[in-house]
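Undergrad: Submitted below is the structure of interest, expressed as structure tokens.
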Amino acid sequence: MSDLQELRRDDCPWCGSGHLRTRAVGPVAVDECQDCAHAFGNPGTETPVRRRSDAGEELLDRVLATRTTRRRLRATARAMTSIPEPESWLDVGTGHARFPEAAKDLFTYTSFDGVDPTSRVDRARLAGRVEEAHRALTPALDARYDVVSVLHHLERAADPRAELAAALRALRPGGHLLLELPDPACAFAPLLGKYWFPLARPHHLIPLDNLRAELETQGCDIITTDRRTAHIPYDLAAATTLLLTRSLPPRLHPLTPPLTALATALDHTLAPLLRRTRFSNTYRIVARKRMGG
């Protein structure tokens, strides 16, 4: 895995086009490719945003942690239950390896490894959540795995196409790739721009069609694409937290937690409906690496 890109780019990190334009995504300005519609946070383009209070940061972190609950991670792993149980599985960008830990409930006999550039993966190995811990996608991992998962990581890579190619190299021919990414077509994307484009980090919004085309170019067949079950019910709660911690004076900040809790309940109530509409915020792809690929 590559280090985060800190230098400003004059070309698209996805297709290499120099036809960029700056547009607003909520409170953040980003660069968007006029040829492939890839949008990314480009150093020097992002608009500074007023820092939230520590309490606001903690509350938002709790809201965004919805996507790493055990129930949510098990639901993601369930997308792979239609294939024979794999012998080996690599989770890219695994962090504390919460996904392998949850996936083991469904894949009892699978050996899970993790790759992450931080020491979190080493602690995950010591805790028994992965069997092997790696800091990078090196050639030593090529063609070792039946399944590779890349969950909410590709959009944070400095070079997402190179990261995708490295993940595919770790797959054996006939192996399966599981991807989850934020959906730039989501109607909530402009409202949550501050979350999707953290300051001082490159961050990519990769259109589904772009990723499908790249996978096919790199020797994969698309098995499924899914916007419905991949949806994460946290948009209203995150938007409420962002709005209130940015606009309320400090003396009114105690109002934020109960209003966020109300928005969280509404998120979950509306989720069965929203996941069928343009408000679905995540897409999932399962692809198979072609034999001989």
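The values are calculated or read from the model by the stated rules, or taken from the named source; none is laboratory data. This structure is a prediction, so every number in the text was calculated from the model and none was measured. A quick note on method: Cβ atoms are made from the backbone with ideal geometry, for glycine too, and the neighbour counts reach across all protein chains shown.
Undergrad: Which one of these does THR108 not meet: (1) surrounded by fewer than 22 Cβ atoms within 10 Å (Cβ to Cβ); (2) touching a Phe, Trp or Tyr at 6+ places or on another chain (Cβ under 7 Å)?
TA: (2)
Undergrad: Right, something else. Those residues that are within 22 Å of the chain's Cα centre (by Cα), modelled with pLDDT of 90 or more and aliphatic (A, V, I, L, M), I need them from the range 13-54; list them, please.
TA: ALA37
Undergrad: Considering only the range 205-227, state which residues are of a type in the set (Asp, Glu), within 15 Å of LEU181 (Cα to Cα) and not in a strand (DSSP E or B).
TA: Across the range 205-227, the qualifying residues are ASP209, GLU214.
Undergrad: Among (1) touching a Gly at 6+ places or on another chain (Cβ under 9 Å); (2) crowded, with 18+ Cβ neighbours inside 10 Å; (3) at pLDDT 95 or above, there is one condition LEU164 misses while meeting the rest; what is its number?
TA: (1)
Undergrad: May I ask you to list the residues in the range 61-115 that are over 18 Å from ASP226 (Cα atoms), part of a loop (DSSP other than H, G, I, E, B) and in contact (Cβ under 8 Å) with a residue 40 or more places away in the chain?
TA: PRO86, GLU87, GLY93, listed by residue number.
Undergrad: Here's something else I'd like to know. On the given criteria, is ARG228 at pLDDT 90 or above and either surrounded by fewer than 19 Cβ atoms within 10 Å (Cβ to Cβ) or among the acidic types (Asp, Glu) (or both)?
TA: yes
Undergrad: What are the pairs, 6+ residues apart or on separate chains, where a residue within the range 162-179 that is more than 16 Å from ASP113 (Cα to Cα) has its Cβ under 7 Å from a residue that is among the aromatic types (Phe, Trp, Tyr) and at pLDDT 95 or above?
TA: So the pair list comes out empty.
Undergrad: Also, quick follow-up: Just to be sure I understand, how many residues within the range 113-146 are crowded, with 22+ Cβ neighbours inside 10 Å and either farther than 25 Å from ARG161 by Cβ or of a type in the set (Asp, Glu) (or both)?
TA: 5
Undergrad: Further question: Could you please let me know if ALA166 is out of contact with any helix residue (DSSP H, G or I) (no Cβ under 8 Å at 6 or more places or on another chain), part of a loop (DSSP other than H, G, I, E, B) and on the phi < 0 side of the Ramachandran plot?
TA: no
Undergrad: Here's a follow-up. Taking the range 120-152, which residues are among the aliphatic types (A, V, I, L, M) and out of contact with any Asp or Glu (no Cβ under 7 Å at 6 or more places or on another chain)?
TA: Within the range 120-152, VAL121, ALA124, LEU126, ALA127, ALA136, LEU137, ALA140, LEU141, ALA143, VAL147, VAL148, VAL150 qualify.
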